[in-house]
Amino acid sequence: MAFDLNRVLKVMLFASNGPLAVKDIQSAFTRFHEQAENLPLTGEAEQGTAPSAEEGVLTAEVVSADAAEAVVPAAEEDEIYRDVPSLVTTAQIREAMEQISRELQAAGGDVLLVEGHSGWRLVTHPRHARWVRLLRNEPPPVRLTPSAIETLALVAYRQPTTRAEIEQIRGVSAEAGLAKLLERDLIYVVGRADLPGRPIQYGTTDTFLEFVGIKSLDELPASDVLSPRQIDAWLQSANQPRAASDADMGLDETEPDQLTLDQAAAAPAGGSETTPAP
């Protein structure tokens, strides 16, 4: 039996306590070759030293028929650890993981292979979520309110951002939304802004990446509305309001006899201007 990377990765995924990253897999192969120098395969050890007569008798007495059948899997075990490559590239690992993912989907999709920001892991299909919660005796997940989702989107695209900026953009208080997002570990306190009062700045966590199903913030959909440049321009215009022009009011600026807003404000309340008598 030749070395099969897919089989090895399946076992690693099943035995891993968390996401399995490329560096974790490559480290396992490195440790294998480091230990192989001191721990030879079973077959190699048997070829190098023949058992004595007493050991043979003892083995014959204590080994039952069922245990004798286990000798065949032991030989297969040696084959699994033969011809192990000294280096497994990232491309090979990704290709193998894609094949495993397709196999799981073809088998019915009850168990899926997903890739997150920290690596790959086996997960159950969302349609079985209720059974998992019953097994763990966990309550149903609480959905985020539209207000909290808006606040989370602003933090994700704007980060690091302050509460004042969020409230100025949304026009309402963000205290409750930020508290809920902090409670669910979707955002965290990044630090303090270099502004008067040193306001707290917020950013998204790794839990946020898992929540939205992306590996990094670079995978967030492009947004013209929430781009930093346009938000900065909007905040600047909001902080420095200008007087409304004729165009803003829908007036025809091409009319020659029409007073501008500034002229109308300066005109007397009685109507047209009058010339005082000499």
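Side notes on the structure shown:
- Taking N as the residue count of segment 87-153, its C-alpha radius of gyration divided by 2.2 N^0.38 Å amounts to 1.52.
- Lysines with Cα under 28 Å of Lys23, excluding same-chain neighbours fewer than 8 positions away: Lys10, Lys215
- Charge context of Ala174, other residues only, Cβ under 11 angstrom, K/R +1, D/E -1: -1
- Between Ala28 and Val111, full extension at 0.36 nm per residue minus the direct alpha carbon distance yields a gain of 27.4 nm.
- Net charge in the neighbourhood of Gln99 (other residues with Cβ under 12 Å of its Cβ; Lys, Arg +1, Asp, Glu -1) is 0.
- Computed extension length for Ala164-Asp4: 52.0 nm, one decimal, from 0.36 nm per residue of separation with the Cα-Cα distance subtracted.
- Most tightly packed first, judged by the mean number of other beta-carbon atoms within 10 Å of their residues, the peptides 23-30, 213-220 read 23-30, 213-220.
- When the convex hull of its Cα atoms is projected in every direction, mean area for segment 120-224 (nm²): 8.5 nm²
- Count Lys and Arg as plus one, Asp and Glu as minus one, and take only other residues whose Cβ is under 13 Å from that of Leu9; the net charge is then -2.
All of the numbers you see were taken from the coordinates with simple rules; none came from a lab. Computed from a prediction, not measured in an experiment: that's the story for all the values here. Glycine also receives a Cβ, built like all others from the backbone with ideal geometry; neighbour counts cover every protein chain displayed.
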